[in-house]
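Reading through the structure tokens given below for one structure.
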Amino acid sequence: MGKRRSGREVLRSLSKKQKKHLREFGEEHPFYDKLLLLLLLHSCFPFQSENSDKSSAESDSETEVEQVSVYHKLLATLRTSPESESEEEEDESESEEAEESEAEMDSEGFQETGEGDGSEEDKNDIPEEEEATDTAEQTLSQEQADGADTSSDPRHGVIEEFTDVKHESEFSLETNFMEEESGDCSADKRDGNPFKQHMDKELEEKEIEKISTLPKSSSQSQWPRLGQLTFSSTLEKHKTLKADKEVDVKQLYLHKPLESTWPKVNKHFLPSVHKPSDSPFTPLQRELFSIMNTYRDLFYPERNALTNGEEIRHAYCLHALNHVLKANAQVLSNNAKRRDRKPGTDTDDFRDQGLTRPKVLMIVPFRESALRIVHIFINLLEVNDKKKIDVSNKKRFKGEFGSDPEEKPPNLKRPEDYEAVFAGNIDDHFRIGVAILQKSMRLYAPFYSSDIIIASPLGMRTVIGAEGEKKRDFDFLSSIEILIIDQADIYLMQNWEHVLHLMKHINLLPLDSHGVDFSRVRMLNLNNWCRYYRQTLLFSALQDPQINSIFNKHCFNYVGQVAIRNVPLSGSISHVVVQLPHVFRRLEAESVASVIDARFQFFINNVLPEYRDAIMSHTLIYIPSYFDYVRLRNYFKKEDLNFTHICEYTKKAGVCRARRFFLKGEKQFLLFTERFHFYKRYTIKGIRNLIFYELPTYSHFYSEICNMMKATDTVDATWTCTVLYSKYDAQKLAAVVGIDRTAQMLQSKKNVHLFVTGEN
């Protein structure tokens, strides 16, 4: 009976899409609900879970006959249960009704439900889910083999680690040689090659000590397209880099095939009237790539998914692929020299590798991003239509990283930036190794045989693991030479701790040799100085202290760093179309660490008493931090205030009830989290009073929330908007009100009243 009850609980929790996959393939798709099934397995079969680990997929031995796993047995009981089949049909109809209610929620603003009262809403918030997810992720990381993406075989219904071991010898750097007809290596030996200049530089211990201890000297420069640039370095005052108005492709020292393929791949971003003699770069790409090509660290906080996102993606893909091709060409050329050398020749001339093979790590938020990156790589490697490159496992990759047009959500109105960010497959748990050798590409390569690793922060977190876990691996990160973190702002909405965890485990000495030939390893790697040579490219849609800390505390490039530091002249407040007074109330805090408590005390002592009166009904409190949300929710419960709440963990039924209660005035307050708004973008109707407990992470969220007031049928002259801020919120404040007003507000300790219309 225990097994049957567990099966019913699983079916009730499945969505319509998951049930459809279960009927067609006889198994649950691993990318949709792996964590739930793992928790269920450990609760139902604790005595077998410890022995369910798969052997490493990187082994060259023959594949053994697969045994029926506990997971397979569980699914078999689900398929053979007649009661489960009937419940499945009932749940499918319920899921359809839920989808219809979601569409109705967005069109009408709320959905009538006959369930209970507001006291039941607490059951819809599940903060415990975070802890359960972390536990399941740790369990998942233990059951996954080293360094490859997980997938499933529909024929067997078994979750297994998939890596391509079939092409191991074909893509091995140690056993291959440079093709004579290519001539790529000789092209990379040209004087001034940035790759060789950067990697062949031999630092001294005194210089390493300076980089680690001394502060950086900085200088500023104004570029036509990027704007205000800040150059910083520790070793010496480097020459200020100037923006080139015109760039000749041959002067960029691109690897031979890229010189001809890049203009074709990038033509979509160039003007329609484009002469062959014109630059193959857009103005933004030209300035960004000129910095990347010097191997300086780069922080660009003005990435926009609607306007320049794809331009930037193409630019850093070109740089990463150029680096990998040059590094591999050097190894293959030295292989031939070692083969032909005379006995007794000094082998130190052939130090051309790291302790492990992966050279480039690309962190992106969704599978769709990884899909686009791989497509750019393929297009850059294909010289023409006749010379197609051989891509291993391409079909499987498209199936697992592509998106099904039929699975798109209902045609609901969402902002353009939302549609751009959440386009395609938005699964955020993945990792894949890519090996590139001359005219071939290998997807799903084992990490220790990969040149490039493309992963999400969560995908890296589950393979890196934590201290105390039996199965964890981060040796493959030891020799990363280029780290690319794209769309860093989205990780603030996911889990920033995963990014910090990754940064702590990159460029550490490996615990195992992994079969490396130490006579080929560069001295910088043997000295554990790889972090001082690593180039970090950081792209974000905004400037945030947490993102800045990555660039300032985890980047030690000896060449230096370049950060774009443009200040917003006009803030997002100018996009507010409703007429209402904006009151910015300043709170005092002694330090950054004390701001959280100072803000809470200021709110309950100075702000909340003004809104307790029944006249101040329909008050929405916007809360960026989930922890602040929990703290306020508990306080409101303790004080027995008439409120409802919506967060990222609230179920659809709870969201419907909360919106209905708030619109009708049955609940005076609505606690509303920023992450819910980021992922859903629902229009909340009935707002008359608005409180920003903290300035929003995304500046345009300020105008979006304010403009929700126009969804109310009647215009009320008593509408209010109150914003809490401190001196430590300077960046967020400037993005909302502009740099000029920010300077005035930070100098004055008085509350600032602004009456803003759409024309301001």
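Rounded to the nearest 10 square angstrom, residue 570 shows an accessible area of 90 square angstrom against a 1.4 Å probe. Straightening the chain between residue 419 and residue 707 buys 101.8 nm, computed as 0.36 nm per residue apart minus the Cα-Cα spacing.
Roughly how many percent of the accessible protein surface of the range 572-757 is carbon and sulfur, given a 1.4 Å probe and a whole-percent answer? Looking at the range 572-757 in its full context, I get 51 percent from C and S. Sequence-ordered 3J(HN,Hα) estimates for the range 204-210 from the Karplus curve with 6.51, -1.76 and 1.60 and θ = phi - 60° stand at 9, 4, 5, 5, 5, 5, 5 Hz, glycine and proline given as x. Residue 216 exposes around 80 Å² of accessible area when a 1.4 Å probe is run over every protein chain in place. Distance from the Cα centroid of the range 391-456 to that of the range 211-233 is 35 Å (rounded to whole angstrom).
What the phi angles of the range 436-445 give under the Karplus curve with 6.51, -1.76 and 1.60, with θ = phi - 60°, is a coupling list of 10, 9, 6, 10, 9, 10, 10, 8, 6, 5 Hz, glycine and proline written as x. Under the simplified labelling scheme, the residue 579-residue 388 pair shows an inter-label distance of 6.4 nm, with each label point 7 Å from Cα along Cα→Cβ. Annotation note: trypsin sites (Lys or Arg not before Pro) in the range 473-575 located in DSSP loop regions with a Cβ neighbour count of at most 14 within 10 Å are 565. Close amide H contacts of residue 722 (hydrogens built in the peptide plane, cut-off under 5 Å, sequence separation of 5 or more or a different chain): 583, 690, 691, 692. Each residue of the range 557-572 was assigned a 3J(HN,Hα) from its phi angle through the Karplus curve 6.51 cos²θ - 1.76 cosθ + 1.60 (θ = phi - 60°); the sequence is 4, 5, 6, x, 10, 10, 10, 8, 10, 7, 9, x, 6, 10, x, 5 Hz, with glycine and proline shown as x.
The count of lysine pairs in the range 572-757 with alpha-carbon distances below 14 Å, taking only pairs 8 or more places apart or on different chains, stands at 8. Kindly list the residues of the range 637-669 that lie in the label zone of residue 600, defined by a backbone N under 14 Å from the point 7 Å along the Cα-to-C-beta vector. The answer is 637-639, whose backbone nitrogens lie closer than 14 Å to the label point.
For the range 215-367, the solvent-accessible area works out to 44 Å² per residue, with a probe of 1.4 Å and every protein chain left in place. For the set 352, 427, the ranking by accessible area, highest first and with no ligand, DNA or RNA atoms included, is 427, 352 under a 1.4 Å probe. Multiply the residue gap between residue 251 and residue 201 by 0.36 nm, knock off their C-alpha separation, and tell me the result in nm, one decimal place. Net length gain for the segment: 15.9 nm. Taking a ≥ b ≥ c as the square roots of the Cα gyration tensor eigenvalues, the range 257-335 comes out oblate, since a/c reaches at least 1.5 and a/b does not exceed b/c.
Using 0.36 nm per residue, how much length does the chain from residue 652 to residue 739 gain when fully extended, once their Cα-Cα distance is taken away? Write down the numbers at each step before the final one.
Values: separation 87, 0.36 × 87 = 31.32 nm, distance 3.96 nm.
My answer for the length gained is 27.4 nm.
Amide H contacts of residue 441: 390, 391, 392, each under 5 Å away and 5 or more positions distant or on a separate chain (H built 1.01 Å from N in the peptide plane; Pro and chain starts excluded). Simple spin-label estimate for residue 590 and residue 638 gives 2.2 nm between the two label positions (7 Å along the Cα-to-Cβ direction from each Cα).
Using the structure shown, list the pairs from 206/342; 394/471; 388/504 with a Cα-Cα distance above 31 Å, or answer none.
206/342; 388/504
Identify the GluC sites (Glu not before Pro) of the range 465-571 meeting these criteria: DSSP loop state and at most 11 other C-beta atoms within 10 Å of the C-beta. In loop regions of the range 465-571 (DSSP not H, G, I, E or B), the sparsely surrounded GluC sites (Glu not before Pro) are 467.
Taking the Cα centre of the range 429-532 as origin and assigning +1 to Lys and Arg Cβ atoms and -1 to Asp and Glu Cβ atoms, the resulting dipole is close to 220 debye. Taking Lys and Arg as +1 and Asp and Glu as -1, the other residues whose beta-carbon sits under 13 Å from that of residue 739 total +2. Approximating the spin labels as points 7 Å out from Cα along Cα→Cβ, the residue 548-to-residue 664 distance works out to 4.7 nm.
Spatially, the range 598-646 and the range 281-317 are offset by 42 Å when compared through their Cα centroids.
The values are calculated or read from the model by the stated rules, or taken from the named source; none is laboratory data. This one's a predicted model, so the numbers in the text were calculated from it and none came from an experiment. Glycine also receives a Cβ, built like all others from the backbone with ideal geometry; neighbour counts cover every protein chain displayed. Side chains are part of the model used for accessible areas, which takes the heavy atoms of the whole protein and leaves out ligands, DNA and RNA. Shrake-Rupley method; radii C 1.70, N 1.55, O 1.52, S 1.80 Å.
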